[in-house]
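The structure appears right after this line, and notes come after that.
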Amino acid sequence: MSVSPVSEIEQQKIAKDLYSYQKKAIDKVFKRFDDAPDDYHLLYQLPTGGGKTVIFSELVRQYLKNHNKKVVVLTHRIELCKQTSNMLTEFNVTNKVVDSKANLDDQKEYSCYVAMVETLNNRLQEDRLDISDVGLVIIDEAHYNSFTKLFKYFEKSFILGVTATPLSSNKDLPMKGNYNELITGETIESLIENEFLARAETYSYNVGLTTLEVGSNGDYTVKSSEDLYTNTDMLKKLVYAYETHSKGKKTLIFNNGINTSLHVYDAFRSAGYTIAHLDNTASKKQRQQILQWFKETPNAILTSVSILTTGFDEPTVESIILNRATKSLALYYQMVGRGSRILKDKSMFSIIDLGNNLHRFGPWGADINWQKIFSSPNYYLDSIINDEDIESNFRYEMPEAIRAEFSKSEDVYFDVKQAYIDSVNNGESSKVLLERSIEHHAKICIENSEDVYDALALMKLLEDDINHRLDRYTKCISNSTFNFVKWLHQDYRQRLRTYLRKNFDEVFEAIHGFPPED
């Protein structure tokens, strides 16, 4: 063994650095290791921020101390490789990083290797690394499927996969096909209650996503996402959401596409905010400079493109903005988890959701039955609510600036779905609800106006509300052909204008008890 000797004092120091739930996890894994066959595949789940790297680093240390075999730790990104190597070193485990530049002439001097998937695959195909005496293989972020190609090289090794979300990134390659068993660690709620993670305050903004397309990887395409998230309205909504809930907080923004992130950068710069942009085209030096700036600047805003979902740990982040939608539960939890680290003066963080992710997956930290997901992943995936169903339950919320123009109206909301149900139950034509909607729109315009010209001006502020109501209406009657929708929008607005002109005086007097002044 070439592992550096560890004194009793050092062992005690390492043990004290482990929390009780981490020690319990290590005991569970070693029990399986002792009872199971040599080629057993075990999966361990623990939320982001729970210390998975600490746990498996201590596992490696104890394993090497008690077994005359070697360990391989696999990651999917170079940054994780280096971080893992550093953590192992802190646990007094001498290790060698097998990267593209590694000299393997001294491999016999090491009992622990840390490698990226593709690099290790190449070295094994070239027969440049001896793995004949590897007894334990640890796979970080095991839900990625790139690791499975290496399993054939470790048919006599105990494989331990670790992940925060034991749901495969590929629906056709379920994790239960590669792992014999799942062990779950502490829940997010338990880690919050015991002050290991920060609690989240979530603010969700309804976003129409039906224009998004799903790619071959099962998630929304970058192209369709950028078409939506680079439009002026979405950028305004993003800045408004930041100013409402995150202003002055260190904020990390996740986007789907470099172009989107650059538009976000420009939007915040134009609004006078300090912001930086980071994507995978940045050089190593640029990345280090940006992340150092982000770390040291209290109210910094960093807009990025998924590059910081793994291998990035900045506990001072106070707000996470999901300026994108995803169909990946793992990605959702990875993004949010970047803000969950706790500090002495930080017990809360904010989540701003601009991708309906809260509706799709539920609140971050909600009770999730990972065992059921592991055993029946397709059942879970098929049960995820689709975008059309999500949007059918949206309630239109008038922006504050527009709502202020209708301040004399007690209620500006009109429930189209309920009005449709009522009309059907009463044996009425569905067109009746359009008449009631027009009357309601006219009423809120008139009660905030002094004359018909004011009312017609206010009508122009109702564009989004009209669009929302008519969208709900076409879904209720199952008719959304292009020509019908175009005609419906034109007809509704024309009828509303006509109603205001013909009925302004009568409605005004009914509201105020006196006629409008001439």
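The values are calculated or read from the model by the stated rules, or taken from the named source; none is laboratory data. Note that the structure is predicted; figures quoted are calculated from it, not measured. Methodologically, a virtual Cβ is constructed for each residue, glycine included, from the backbone with ideal geometry; neighbour enumeration extends over all protein chains shown.
Before moving on, here are some points about what is shown:
- Filter result (more than 16 Å from Pro47 (Cβ to Cβ) and in contact with a strand residue (DSSP E or B) (Cβ under 6 Å, 6 or more places away or on another chain)) within the stretch 325-353: Ala325, Met348, Ser350, Ile352, Asp353
- Complete set of residues in the stretch 392-409 that are loosely packed, with under 13 Cβ neighbours inside 10 Å and either closer than 30 Å to Leu43 by Cα or modelled with pLDDT of 90 or more (or both): Ala404, Ser407, Lys408
- Only one of Ser224, Ser306, Ser261 that is out of contact with any Ser or Thr (no Cβ under 7 Å at 6 or more places or on another chain), of a type in the set (Ser, Thr, Tyr) and not in a strand (DSSP E or B): Ser306
- Top-ranked residue of the stretch 77-101 - restricted to ones that are touching a residue at least 60 places away in the same chain (Cβ under 8 Å) and part of a loop (DSSP other than H, G, I, E, B), ranked as farthest from Ser57 (Cα to Cα): Arg77
- First in the stretch 159-188 and free of Cβ contacts under 8 Å to residues at least 60 places away in the same chain and of a type outside the set (A, V, I, L, M, F, W, C), second anywhere and surrounded by fewer than 19 Cβ atoms within 10 Å (Cβ to Cβ) and in a loop (DSSP other than H, G, I, E, B), Cβ under 9 Å, 6 or more apart: Asn170/Asn217; Asn170/Gly218
Quick grid of which residues meet (1) surrounded by fewer than 19 Cβ atoms within 10 Å (Cβ to Cβ); (2) more than 19 Å from the chain's Cα centre (by Cα); (3) over 10 Å from Asn323 (Cα atoms):
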{"position": "Ser224", "(1), (2), (3)": "yes, no, yes"}
{"position": "Asp233", "(1), (2), (3)": "yes, yes, yes"}
{"position": "Lys236", "(1), (2), (3)": "yes, yes, yes"}
{"position": "Thr244", "(1), (2), (3)": "yes, yes, yes"}
{"position": "Lys250", "(1), (2), (3)": "no, no, yes"}
{"position": "Asn255", "(1), (2), (3)": "no, no, no"}
{"position": "Val264", "(1), (2), (3)": "no, no, no"}
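- Only one entry in Leu18, Leu42 is at pLDDT 95 or above and either outside the structural domain of Asp313 (by TED's automatic domain parsing) or under 22 Å from Asn180 (Cβ atoms) (or both), namely Leu42.
- Of the candidates Ala271, Ala267, Ala282, the single residue that is of a type in the set (Gly, Ala, Ser), modelled with pLDDT under 95 and not assigned by TED's automatic domain parsing to the domain that holds Ala142 is Ala282.
- Here the stretch 341-391 is the region considered, the condition is being under 19 Å from the mean Cα position of the chain (by Cα) and assigned to a strand (DSSP E or B), and the residue that is surrounded by the fewest Cβ atoms within 10 Å (Cβ to Cβ) is Met348.
- Put simply, of Leu331, Leu343 the only residue that is within 26 Å of Ser383 (Cβ to Cβ) and at pLDDT below 95 is Leu331.
- Selection count, the stretch 498-518, where residues are buried (at least 16 other Cβ atoms within 10 Å of the Cβ) and aliphatic (A, V, I, L, M): 2
- Qualifying residue in the stretch 227-234 (condition: assigned to a loop (DSSP other than H, G, I, E, B) and either more than 27 Å from Ser340 (Cα to Cα) or at pLDDT 95 or above (or both)): yes
- Tally, over the stretch 387-412, of residues that are among the charged types (D, E, K, R) and within 30 Å of Asp219 (Cβ to Cβ): 6
- Residue that is modelled with the highest pLDDT, among those in the stretch 204-222 that are surrounded by fewer than 17 Cβ atoms within 10 Å (Cβ to Cβ) and more than 21 Å from Ser392 (Cα to Cα): Thr221
- Candidates are the residues of the stretch 320-338 that are of a type in the set (S, T, N, Q) and touching a helix residue (DSSP H, G or I) at 6+ places or on another chain (Cβ under 7 Å); the one that is nearest to Ser350 (Cα to Cα) is Asn323.
- Boolean, Ile159 is out of contact with any Cys (no Cβ under 8 Å at 6 or more places or on another chain), hydrophobic (A, V, I, L, M, F, W, C), crowded, with 23+ Cβ neighbours inside 10 Å and more than 24 Å from Lys31 (Cα to Cα): no
- Candidates Ala276, Ala200: the one that is part of a strand (DSSP E or B), surrounded by 15 or more Cβ atoms within 10 Å (Cβ to Cβ) and without any contact (Cβ under 8 Å) to a residue 40 or more places away in the chain is Ala276.
- Criterion: touching a Leu at 6+ places or on another chain (Cβ under 6 Å) and modelled with pLDDT of 85 or more - qualifying residue of Ser111, Ser157, Ser132: Ser111
- Members of the stretch 34-73 that are closer than 17 Å to Ala164 by Cα, part of a helix (DSSP H, G or I) and out of contact with any strand residue (DSSP E or B) (no Cβ under 6 Å at 6 or more places or on another chain): Thr53, Val54, Ile55, Ser57
- Top-ranked residue of the stretch 124-146 - restricted to ones that are part of a helix (DSSP H, G or I) and of a type outside the set (A, V, I, L, M), ranked as nearest to Thr75 (Cα to Cα): Ser146
- Any hit, the stretch 165-179, residues being part of a strand (DSSP E or B) and either more than 16 Å from Arg32 (Cα to Cα) or in the same structural domain as Arg61 (by TED's automatic domain parsing) (or both): no
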